[in-house]
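Some notes on the structure that comes next.
The values are calculated or read from the model by the stated rules, or taken from the named source; none is laboratory data. Computed from a predicted model, the values in this text were never measured in an experiment. Here Cβ is always computed from backbone atoms with ideal geometry, including for glycine, and neighbour counts include all displayed protein chains. Calculation scope for accessible area: heavy atoms of the full protein, side chains included, ligands and nucleic acids excluded. Shrake-Rupley method; radii C 1.70, N 1.55, O 1.52, S 1.80 Å.
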Amino acid sequence: MVLISRDCEDIENLLALNPKVARNASWKPSVETKAEKKKWKRNDDKNCSSCTPLTNNFDDVKHTTLSERGALKEASRCLKCVDAPCQKSCPTQLDVKSFISSIATKNYYGAAKAILSDNPVGLTCGMVCPTSDLCVGGCNLYASEEGPINIGGLQHFAVEVFKKMKIPQIRPPHLPEKMPASYDAKIALLGCGPASISCGTFLARLGYSNITIYEKQQFPAGLSAAEIPQFRLPFESVAWEVELMQDLGVKIQYGAGLGVNGMTIQSLRDQGHDAVFVGIGLPNARRHKMFHGLDNASGFFTSKEFLPAVSMASKPGTWVCMMDSPELKPLRKILSQTSHVSALDFRRINYSWPRSLSVDRDVRLQG
């Protein structure tokens, strides 16, 4: 390539600081990110023995997203640090400085594109990511009067605005219409949680066209849907991320998973799958030996037992009403369509029925 012109050294140095469009998603092992984070962190570590206890501390809970005015004001506070410490603490390697710069100029599409390009579950992370221990913990404004930048709130705002645009995801335009035969390899992803959603999205963006996710439940999103309460992470948010993945041609088969109907990794290979990704998460919670012998009948519940039970009784999309009584069909339809009926609300409705109707009060809810 012939160099036509060159600016003076000072201008060249300034141009080098400008954000560049990333052609590929960033990737870095979590072990390296954790080690790097400690060099830049400005607040106490969550496992610190001398820091303030986190009992009843819900600072990370964001009940609502920022308004446009609030987001613009927050984005304008960002220093756009050259060696931004917030980016060194992000497990998903988001270009934080880039998407905040886009928000500051009202380029919400560009901000969402920067987020979702590196993190296909960017909306979920914007809502539930413990930012105070990650990117926000390294913000250079942490010691200022106004405090660090609300990075999680800005991420939530940008992706929420993009969600309302209803723009489907497409394959990268530079991919050829006819991919090589190797890209038609049969790929199985076990579990439809955040790991498999991310894996399936990235594989589809690379051009792989025969990807199937096997999910043992009758709903997608794994832990995001089954174990995080509705007030913290609405089901429609995780369902939208799944739809973006399906826009690329990724298929989901419900009621199938490891151990279901004899499914094993070997059986998948025998069925012709060329690759298997295991993204089933943590099947059981850790139990301290002092709780040995206790079960649900004793009033003892682990998080892996209690949280799914709460979600399946109250979170839309994760349960269906199993009533067969013809008199209750209208109510069943209402319950299946609304997103604000909890188990308590249901019992109120149940008890208000006329005495002439014989209704079983122990209603079964099935996920």
When the charge dipole of the range 170-313 is computed with +1 at the Cβ of Lys and Arg and -1 at the Cβ of Asp and Glu, the Cα pointing farthest to the positive end, of 172, 235, 223, is that of 223
In this structure, among 186/216; 251/315; 216/251; 88/304; 41/88; 28/178, pairs with alpha-carbon gaps over 21 Å are 251/315; 88/304; 28/178
Taking only the alpha carbons of the range 52-189, the radius of gyration and the largest Cα-Cα distance, Dmax, both in angstrom, are 17.2, 58
Quick tally, 1.4 Å probe accessible area for 232, 69, 269, sorted with the most first, runs 69, 269, 232
Taking every other residue with Cβ under 11 Å from the Cβ of residue 171 and scoring Lys and Arg +1, Asp and Glu -1, one gets -1
Projected convex hull area of the range 138-274, Cα atoms, direction-averaged, in nm², equals 11.7
Cα extents of the range 161-215 along the principal axes, largest first, in whole Å, come to 38, 30, 12
